[in-house]
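To start, the structure under review is shown below, and the notes come after it.
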Amino acid sequence: MNMRRLLALGLAGGLAVTVLAGCDAPTSSLTRPTAPVVLTGSKLNRFGGVAPERVVAFRWLSGAWQQVPVQVDQRRVVLFGSQPSSNATPGVAGSVYGNGTGGPTALQYADPDTWVGADPNPKVDADDEVVFMASDAGGAAPSGTANPTGAVTGSGLRVEVADPRASSEKGWIYLFRSDGSLDPAAGKDYVDYDFTLTAGDYKTTYKRAEGPNPETSKVTTPSYSITFSDRWKEISWQVRAPGASQVDVLDGHKNQFSTDTCSRSNATFAAEEGAFVANIDGPVRAVRSYVGANSGPLTQRTHLMYRDREDVITSLRVHPIPAIMDFVDFSSAAKGMTYRSSTKPGGVTIDGSSDSISTALPTWEAVDGPQGRIYLRNTFTTSQGDLKSGTTQFYRDQSLPRETQCWGDGSYFGAAGSYVQTAIGNTDPRSAPAATVTGRRTTQFLAPAADPSRVAAYAADWAKDIDAPLTSTVAPFPS
Ligand SMILES: [Ca+2]
Ligand SMILES: [Ca+2]
Ligand SMILES: [Ca+2]
Ligand SMILES: [Ca+2]
């Protein structure tokens, strides 16, 4: 049995029973309990035309079916549209901005409470996503096993989930069409997302032409809470895993051109045009997606928030820009935590006094202390060949920096992230040619480490998992 990742997550005790895999795999042997599994409808053709509220999931555990939560997120291809000329301009469903015609489209999460609107195909279709947690996988159901009660005969699909880094580690989830008697959430709710605009309802109050649009939105799970004070302004992280002190260790997840300029930052993004794509609060994950970053009105960020982890995907769509930084700046409440990375595995203390960190991009970062433990993986993909080589790691721990801070508090505390210093060509699809630059930041929230000397090894292994997601193979059940 491979306890590697369970140890890395500090979860070995609680889940040991589920990894006691025998030769006939009576239970899941997956050791990535915090990983999600996301399938598109195109892999689940038996569910084409099925209503999302009829999609249910089961695992086979100890010789019986047990229902587990599954979530369907509807997606649709829509226009971006354009920001209206005035905040008073009424919105029209069918584009992200609820305004304008023509121009580029993209596949987006659908939301009846934004101008994107509901998916025109309300049933599961090829581009919709079906998601469940690896920790809910069970063993392989023996052939001849009868369907669970409430599942429609002939509707079953067996999803074999495998770990590309450990070929012996597998788990199974069985998806069925329900007869209507079952709740897809299976009585669970791993993530709570309260999208709360101070002004009120999104469609009637949101200032799409010119912000700001203050929010008190909050995501809460058993492992963390995150708050947002506006579009692009993620301003608090509390680790809620057992043993963490639960203080807010984040000043902000920040973007700007360079340390010396505040002409563009999350604060200026929020102050100008923008719109929400979707706000989804399901049993397995929450989705928060929005556009609008000054002269890049189509620039988009999507947060996927799972029980233990947040994935942030940023799609740059703007005219040529000189540079971009993407960093996490901690708060004074993070003082005393240890910042580590693949280039500094021994770590340095976050205390507002300078540390020596390589400018080479790390493959992982970790911050740990009594406040909790946080692993970070920050990467981007691009079609512009020279961007990677022109990107360095930014790090600053300085309570009294010489530069004015663009927003948040007046200090850098363990501020770290990427700094693209090569000029970025056009990424706005409204003018050709457009390159692509897509950032992906993954943050894992964990209990304080029992043995801090092992955090570097754990985080290094976790980052390899992030780069090699679980795979899944779908087959009819029974076969
Ligand atoms: Ca769809
Ligand atoms: Ca659909
Ligand atoms: Ca320091
Ligand atoms: Ca700060």
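The values are calculated or read from the model by the stated rules, or taken from the named source; none is laboratory data. What you see is a predicted model; the values in this text were computed from it and never measured. Virtual Cβ from ideal backbone geometry, glycine too; neighbours counted across all protein chains shown.
Report, by residue number, each residue of segment 171-214 that is of a type in the set (A, V, I, L, M) and assigned to a strand (DSSP E or B).
Let us first name the residues in segment 171-214 that are of a type in the set (A, V, I, L, M), namely 173, 175, 182, 185-186, 191, 197, 199, 209.
Answer for segment 171-214, where residues must be of a type in the set (A, V, I, L, M) and assigned to a strand (DSSP E or B): Ile173, Leu175, Leu197.
So is Val37 crowded, with 21+ Cβ neighbours inside 10 Å, away from ligand 2 (no atom under 16 Å from the Cβ) and under 21 Å from Ser178 (Cα atoms) or not?
yes
When segment 309-353 is examined, which residues are found to be within 16 Å of ligand 3 (Cβ to nearest atom), among the basic types (Lys, Arg) and outside any loop (DSSP other than H, G, I, E, B)?
Arg340, Lys344
Consider segment 415-435. How many of its residues are over 25 Å from the mean Cα position of the chain (by Cα) and either closer than 19 Å to Asn266 by Cα or within 16 Å of ligand 3 (Cβ to nearest atom) (or both)?
Of the residues in segment 415-435, 1 are over 25 Å from the mean Cα position of the chain (by Cα) and either closer than 19 Å to Asn266 by Cα or within 16 Å of ligand 3 (Cβ to nearest atom) (or both).
Of all the residues that make up segment 364-400, how many are at pLDDT below 95 and under 22 Å from the mean Cα position of the chain (by Cα)?
Qualifying residue count for the region: 0.
Inside segment 58-141, counting only strands (runs of 3 or more DSSP E) that do not spill past its ends, which hold 3 or more residues that are of a type outside the set (A, V, I, L, M, F, W, C) and within 16 Å of ligand 1 (Cβ to nearest atom)? Full working, then the answer.
Numbers: elements: 64-68, 71-73, 75-79, 105-109, 129-133.
Here the list reads 105-109.
Among the residues of segment 397-416, what is the count of those that are crowded, with 19+ Cβ neighbours inside 10 Å, part of a strand (DSSP E or B) and at negative phi?
Total satisfying the criteria: 5.
Each row is one residue, and each column tells you yes or no for (1) within 16 Å of ligand 4 (Cβ to nearest atom); (2) over 30 Å from Asp136 (Cβ atoms); (3) surrounded by fewer than 19 Cβ atoms within 10 Å (Cβ to Cβ); (4) under 28 Å from the mean Cα position of the chain (by Cα).
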position: Leu61; (1), (2), (3), (4): no, no, yes, no
position: Gln67; (1), (2), (3), (4): no, no, no, yes
position: Gln71; (1), (2), (3), (4): no, no, no, yes
position: Arg76; (1), (2), (3), (4): no, no, no, yes
position: Pro84; (1), (2), (3), (4): no, yes, no, no
position: Ala88; (1), (2), (3), (4): no, yes, yes, no
position: Ser95; (1), (2), (3), (4): no, yes, no, yes
position: Gly98; (1), (2), (3), (4): no, yes, no, yes
position: Gly102; (1), (2), (3), (4): no, yes, yes, no
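State the number of residues belonging to segment 257-277 that are part of a strand (DSSP E or B) and surrounded by 23 or more Cβ atoms within 10 Å (Cβ to Cβ).
Our first condition is that a residue be part of a strand (DSSP E or B); within segment 257-277, this holds for 257-258, 261-265, 275-277.
With surrounded by 23 or more Cβ atoms within 10 Å (Cβ to Cβ) added as a condition, the list becomes 265, 275-277.
Final tally of qualifying residues: 4.
Any chance segment 439-453 includes a residue that's under 30 Å from Leu39 (Cβ atoms), surrounded by fewer than 17 Cβ atoms within 10 Å (Cβ to Cβ) and either assigned by TED's automatic domain parsing to the domain that holds Arg301 or within 23 Å of the chain's Cα centre (by Cα) (or both)?
So far as segment 439-453 goes, yes, one or more of its residues are under 30 Å from Leu39 (Cβ atoms), surrounded by fewer than 17 Cβ atoms within 10 Å (Cβ to Cβ) and either assigned by TED's automatic domain parsing to the domain that holds Arg301 or within 23 Å of the chain's Cα centre (by Cα) (or both).
Have a look at Tyr412, Tyr375 and point out the one that is within 16 Å of Asp260 (Cα to Cα) and either away from ligand 3 (no atom under 16 Å from the Cβ) or among the aromatic types (Phe, Trp, Tyr) (or both).
Answer to the selection: Tyr412.
Taking the condition of being touching a residue at least 24 places away in the same chain (Cβ under 8 Å) and in a loop (DSSP other than H, G, I, E, B), how many residues in segment 215-237 meet it?
Residues meeting the conditions: 5.
Is one or more of the residues making up segment 369-379 in a strand (DSSP E or B) and of a type in the set (Gly, Ala, Ser)? Give the derivation first.
Applying the first criterion (in a strand (DSSP E or B)) to segment 369-379 yields 369, 372-379.
If we keep only those that are of a type in the set (Gly, Ala, Ser) too, we end up with 369, 372.
The answer is yes, given that some residue of segment 369-379 is in a strand (DSSP E or B) and of a type in the set (Gly, Ala, Ser).
Would you call Arg288 assigned to a strand (DSSP E or B) and either over 22 Å from the mean Cα position of the chain (by Cα) or basic (Lys, Arg) (or both)?
yes
Suppose we filter Arg264, Arg240, Arg288 for residues that are touching a His at 6+ places or on another chain (Cβ under 7 Å), under 24 Å from Asp409 (Cβ atoms) and in contact (Cβ under 8 Å) with a residue 24 or more places away in the chain; which single one remains?
Working: Arg264 fails: touching a His at 6+ places or on another chain (Cβ under 7 Å); Arg240 fails: touching a His at 6+ places or on another chain (Cβ under 7 Å).
So the residue among Arg264, Arg240, Arg288 that is touching a His at 6+ places or on another chain (Cβ under 7 Å), under 24 Å from Asp409 (Cβ atoms) and in contact (Cβ under 8 Å) with a residue 24 or more places away in the chain is Arg288.
If you go through segment 173-180 one residue at a time, do you hit one that is at pLDDT 95 or above, touching a helix residue (DSSP H, G or I) at 6+ places or on another chain (Cβ under 7 Å) and of a type in the set (Ser, Thr, Tyr)?
Checked against the condition, which is being at pLDDT 95 or above, touching a helix residue (DSSP H, G or I) at 6+ places or on another chain (Cβ under 7 Å) and of a type in the set (Ser, Thr, Tyr), segment 173-180 yields at least one hit.
Would you be able to tell me the number of residues in segment 29-50 that are within 13 Å of Ile173 (Cβ to Cβ) and under 15 Å from the mean Cα position of the chain (by Cα)? Working first, answer last.
In the first step, residues of segment 29-50 are kept if they are within 13 Å of Ile173 (Cβ to Cβ); the result is 30, 35-39, 43-44.
Checking the rest, the ones that are also under 15 Å from the mean Cα position of the chain (by Cα) come to 35-38.
Going through segment 29-50 one residue at a time, the tally reaches 4.
Just one of Val159, Val152 is at pLDDT 95 or above, outside the structural domain of Asp428 (by TED's automatic domain parsing), under 27 Å from Arg309 (Cα atoms) and in contact with a helix residue (DSSP H, G or I) (Cβ under 9 Å, 6 or more places away or on another chain); which is it? Outline the logic, then answer.
On the way: Val152 fails: under 27 Å from Arg309 (Cα atoms).
Result: Val159 is the single residue among Val159, Val152 that is at pLDDT 95 or above, outside the structural domain of Asp428 (by TED's automatic domain parsing), under 27 Å from Arg309 (Cα atoms) and in contact with a helix residue (DSSP H, G or I) (Cβ under 9 Å, 6 or more places away or on another chain).
Pairs needed: first member in segment 326-345, without any contact (Cβ under 8 Å) to a residue 24 or more places away in the chain; second member anywhere, part of a loop (DSSP other than H, G, I, E, B) and away from ligand 4 (no atom under 16 Å from the Cβ); C-beta distance under 6 Å; at least 6 residues apart or different chains.
Cβ pairs passing all conditions: Lys344/Ile357.
With respect to Asp111, is the statement that it is within 16 Å of ligand 2 (Cβ to nearest atom) and crowded, with 17+ Cβ neighbours inside 10 Å true? Don't jump to the end; show me each part of the working.
Values: within 16 Å of ligand 2 (Cβ to nearest atom): yes; crowded, with 17+ Cβ neighbours inside 10 Å: yes.
Yes: the conditions hold for Asp111.
Can you tell me which residue is nearest to Gly63 (Cα to Cα) among those in segment 157-172 that are among the hydrophobic types (A, V, I, L, M, F, W, C) and more than 22 Å from the chain's Cα centre (by Cα)?
Restricting to residues being among the hydrophobic types (A, V, I, L, M, F, W, C) and more than 22 Å from the chain's Cα centre (by Cα), the top hit is Trp172.
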